[in-house]
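Note sheet for the following structure.
The values are calculated or read from the model by the stated rules, or taken from the named source; none is laboratory data. Keep in mind it's a predicted model, so treat the numbers as computed, not measured. Cβ atoms come from the backbone with ideal geometry, glycine included; neighbour counts cover every protein chain shown. To get the accessible areas, we keep the full protein, side chains included, count just its heavy atoms, and leave off ligands, DNA and RNA. Shrake-Rupley method; radii C 1.70, N 1.55, O 1.52, S 1.80 Å.
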Amino acid sequence: MPGGYAMDSRSASTELFSLILILILILYVKSKSGTRLPYGRIYLFCLYLSAGIVTLSLMCAFCVLYGGDMPAAVSISLIGIYYLAAPGLGTLLVYHTFQLMLDHIYEKRRLKRAGIMLLAMYASYFLICAAGMGSGAFFSFDRQKGYQLGKWFWLGYLVLGVEVFYFFLCVWKNRKSISSRMWHVIRILPATVLFLVVYQLAFPEYLLNGCIIVVTDLILLFHFQGRWEDTDRLTSINNRDSLYQELELRLAGKQSFQAIAIGLDQYIAVNRNYGYKKGDELLIRCACWLRDFHPQGRVYRISNVSFVVLLPFCGEDEADRNLRKIRERFDSPWEMDGTGIHLRARVAEVIHLQQDWNAQDVMDLLRFSLGRAAFSENRLVRLDEKISAQVERRGMILHRLNQALENDFFEIWYQPIYDCRNGRFTQAEALIRLRGENGELLMPDEFLPVAESAGMMDEIGLILIKKVCRFLGTDRMEELEAVSVNLSAQQLLSERICRCMQDSMKISGIPASRLCIEITEGALGEGIDRVRRRMKELSADGIRFYLDDFGKGESNLARVLELPFSYIKLDKSLINGFPDERNSRIVVESMLELFHKIGCGVIAEGTETRAQVELLKKSGADLIQGFWFARPMPEEELLVFLDSERRKQREAGGLSGGSSGDGLQDAPAGI
């Protein structure tokens, strides 16, 4: 097989072009922030080494093409160094591919074993090559015969082939824990390199070593580019999407792990006091500390001021130490320009052992637990059976909400409102209801928060308005002057909902005055100016507004004065002590007088006793709503109820007490 080697003169140009491409890759990769992370530094080192090997290959090509013009010892030395170093680059690239493949596996002994095997194979080749360098076994070179291949010149390719075969054995063993992006690399890289190597062996006069290296670097760049997309631009740590992918792979590989979520509360105060630039710098410092505090930890930024740290679970004691370290650090001040900044952090922990979870389950557990931590005394929540049951219940409700939106499972119930001025029921409040898969009734205070967090409130608001308007448009509902619906400030500002109100009233043929909107004071938030403009627009069309739950929490009379409310609904908490408690009686009677003077009607909510009803009527309440009269009921029951009340009025000449006459027992509390 040995013989003269007539290298094509274009081989040097091919190697030069390959070198230029690698240098461009180096400049491109260095411009990316991902190079600060371990995988970025390793890939950049491979590019530097690639540039060195291709430069050496280019020099060897010149030696072969123009060897007569330089000392033979120089040519032999350069070619010998290339034979020793080039397979080393191949071994390094295979090892780096091993790192990428095993990146999602906590068991690092596999990577260590792979490294030892690869090093042993390359070391064996290096010793054999060094020993046979002067014997012509790999190559020979003199001025008369030029460059000649030896009978063992293919040994470097054989070593690379064995390394790749060993790599595929590991791929098969760890296939469940390999990311989809890495699967693309595995499918493309070996086949492409194999084709180029076979072509090189078949046509040795064309030097393709630089081309093989460039192709390998470009395909690995695909994986590196994907890692950039998974990196948070501000902190250079992993983002929310990469956490989801990581969880999928850890769970597929049946690995045990500890997930710790950290949420920073009231961070807006940091930005306000120190500026957004300093606020960003502090977030970067927090991210870097979380990234470095554990050698096998992975940190992810899942929202503006929330992080998740993923750690291997090595026992309860180590899990406790990890949690304690994080809490101690965030309980301590962070130094910024000589000033200690205290961050108010809440912490949640989820540990996966052998539970039958998927990635979304873990994300839900972390999100729910972190939310609960805000109300915990020590601002810490560790997953237990109770929280797991609550999250499972929440998942069931979310599934039912999706079914309800797709199949129109929502029901509208109505609670009649008694008009003290004419002694009959003239209004009602519309309340949305949902049943579980077994027919049980799910209460709004349970499913509406889930719907809000899932971004479903606008869709639910549309359903509520359409059904209420359709119901008001029926002949049997003509006696009701108005029905009120509850909307949040966000729903009120929605253009879709406003168009839906106008279209639904037009289709049903009802005047705007029959549809009233209830808004709680707490829902107004910081967008009060936008809410005021929208309320004035709708009021001009004839729609009336009620302020709901006045007296609950922080009540602000200024809001009553600046917004166009037709009625104020006194919260049940004000009515509870009425009329037995003197202070409660004074407050309620004063409010009735005050709101009447400023031109607002008053609805008393939560009435449960005859005494409350009688005194509220005497004190001047315009409307009364509560269990004393009726609980919320479905549409058909409301129609039956109103028919019954009409008959009683005709028989008795008016309504004097509870819905069944003065002799009824007080209606029980509850819903």
Considering only region 247-260, I want to know if a residue exists there that is open to solvent by 10 Å² or more (accessible area, probe 1.4 Å) and free of Cβ contacts under 8 Å to residues at least 60 places away in the same chain. no
For the list (1) surrounded by fewer than 15 Cβ atoms within 10 Å (Cβ to Cβ); (2) of a type in the set (D, E, K, R); (3) out of contact with any Lys or Arg (no Cβ under 7 Å at 6 or more places or on another chain), I need the number of the one condition that Glu437 fails. (3)
Can you tell me which residue within region 336-381, out of those that are assigned to a strand (DSSP E or B) and either over 21 Å from the mean Cα position of the chain (by Cα) or of a type in the set (S, T, N, Q) (or both), is surrounded by the most Cβ atoms within 10 Å (Cβ to Cβ)? Ile341
Can you tell me which residue is nearest to Glu281 (Cα to Cα) among those in region 320-351 that are among the small types (Gly, Ala, Ser) and touching a Leu at 6+ places or on another chain (Cβ under 8 Å)? Ala345
May I ask you to list pairs of residues, at least six apart or on different chains, whose Cβ atoms are under 6 Å apart, with the first in region 413-439 being at positive phi and the second being open to solvent by 20 Å² or more (accessible area, probe 1.4 Å) and among the aliphatic types (A, V, I, L, M)? Gly423/Leu655
As an exercise: evaluate Leu19 against (1) closer than 19 Å to Ala85 by Cβ; (2) open to solvent by 50 Å² or more (accessible area, probe 1.4 Å); (3) at pLDDT 90 or above and give the number of the one condition it does not meet. (2)
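One line per residue, one yes/no per condition, for (1) free of Cβ contacts under 8 Å to residues at least 40 places away in the same chain; (2) over 30 Å from Arg476 (Cβ atoms):
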| site | (1), (2) |
| --- | --- |
| Ser584 | yes, yes |
| Phe595 | yes, yes |
| Ile598 | yes, yes |
| Ile603 | no, no |
| Thr607 | yes, no |
| Ala611 | yes, yes |
| Phe629 | no, no |
| Pro634 | no, no |
| Glu637 | yes, no |
Taking region 440-462 as the search range and keeping residues that are farther than 25 Å from Ile624 by Cα, of a type in the set (D, E, K, R) and within 26 Å of the chain's Cα centre (by Cα), which one is most open to solvent (accessible area, probe 1.4 Å)? Glu452
Please go through (1) in contact (Cβ under 8 Å) with a residue 24 or more places away in the chain; (2) among the aliphatic types (A, V, I, L, M); (3) over 30 Å from Ser77 (Cα atoms) for Leu169 and return the number of the only condition it doesn't satisfy. (1)
For region 44-60, indicate whether the set of residues that are under 27 Å from Ala12 (Cα atoms) and touching a His at 6+ places or on another chain (Cβ under 7 Å) is non-empty. yes
Among the residues of region 90-106, write down those that are surrounded by fewer than 20 Cβ atoms within 10 Å (Cβ to Cβ) and either without any contact (Cβ under 8 Å) to a residue 24 or more places away in the chain or more than 30 Å from Leu251 (Cβ to Cβ) (or both). Leu92
Which residue is least open to solvent (accessible area, probe 1.4 Å), if the candidates are limited to region 49-64 and must be at pLDDT below 85 and aliphatic (A, V, I, L, M)? Ala61
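Just one of Ala604, Ala611, Ala630 is crowded, with 20+ Cβ neighbours inside 10 Å and in contact with a Pro (Cβ under 9 Å, 6 or more places away or on another chain); which is it?
Ala630 is the lone residue from the list that is crowded, with 20+ Cβ neighbours inside 10 Å and in contact with a Pro (Cβ under 9 Å, 6 or more places away or on another chain).
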Could you please let me know if Gly226 is at pLDDT 85 or above, of a type outside the set (S, T, N, Q), within 22 Å of Tyr43 (Cα to Cα) and in a helix (DSSP H, G or I)? no
Return yes when Lys151 is open to solvent by 50 Å² or more (accessible area, probe 1.4 Å) and farther than 27 Å from Leu56 by Cα and no when it is not. no
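Any residue that is of a type in the set (Lys, Arg) and on the phi > 0 side of the Ramachandran plot - is there at least one of those in region 245-263?
There is at least one residue in region 245-263 that is of a type in the set (Lys, Arg) and on the phi > 0 side of the Ramachandran plot.
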Can you tell me which residues in region 104-145 are more than 22 Å from Phe62 (Cβ to Cβ), modelled with pLDDT under 80 and basic (Lys, Arg)? Lys108
Looking at region 558-577 only, could you name the residues that are out of contact with any Asp or Glu (no Cβ under 8 Å at 6 or more places or on another chain) and either of a type in the set (Ser, Thr, Tyr) or without any contact (Cβ under 8 Å) to a residue 12 or more places away in the chain (or both)? Ala558, Ser566, Ser573, Gly577
Restricting attention to region 24-31, does a residue exist that is at pLDDT 85 or above and more than 30 Å from Ala287 (Cα to Cα)? yes
Can you confirm whether Ala319 is part of a helix (DSSP H, G or I), aliphatic (A, V, I, L, M) and surrounded by fewer than 17 Cβ atoms within 10 Å (Cβ to Cβ)? no
Suppose the filter is modelled with pLDDT under 85, surrounded by fewer than 19 Cβ atoms within 10 Å (Cβ to Cβ) and not aromatic (Phe, Trp, Tyr); does Leu201 pass it? yes
Checking Ala540 against (1) at pLDDT below 90; (2) open to solvent by 70 Å² or more (accessible area, probe 1.4 Å); (3) more than 18 Å from Ser488 (Cα to Cα): exactly one of these is not met. Which one? (1)
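Looking at region 107-132 only, could you name the residues that are under 41 Å from the mean Cα position of the chain (by Cα), of a type outside the set (D, E, K, R) and surrounded by 13 or more Cβ atoms within 10 Å (Cβ to Cβ)? Write out each step before concluding.
Applying the first criterion (under 41 Å from the mean Cα position of the chain (by Cα)) to region 107-132 yields 107-118.
Imposing the further condition that a residue be of a type outside the set (D, E, K, R) reduces the set to 111, 114-118.
Result: Leu111, Ala114, Gly115, Met117, Leu118.
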Starting from residues that are without any contact (Cβ under 8 Å) to a residue 60 or more places away in the chain and among the basic types (Lys, Arg), keep the ones in region 301-336 and report whichever is nearest to Ala261 (Cα to Cα). Arg327
Report the residue count in region 549-575 for those that are in a strand (DSSP E or B) and at pLDDT below 90. 2
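If only one of Gly80, Gly67, Gly34 is within 21 Å of Pro204 (Cβ to Cβ), at pLDDT below 80 and open to solvent by less than 40 Å² (accessible area, probe 1.4 Å), which one is it?
Step by step, each of Gly80, Gly67, Gly34 is checked, and only Gly67 is within 21 Å of Pro204 (Cβ to Cβ), at pLDDT below 80 and open to solvent by less than 40 Å² (accessible area, probe 1.4 Å).
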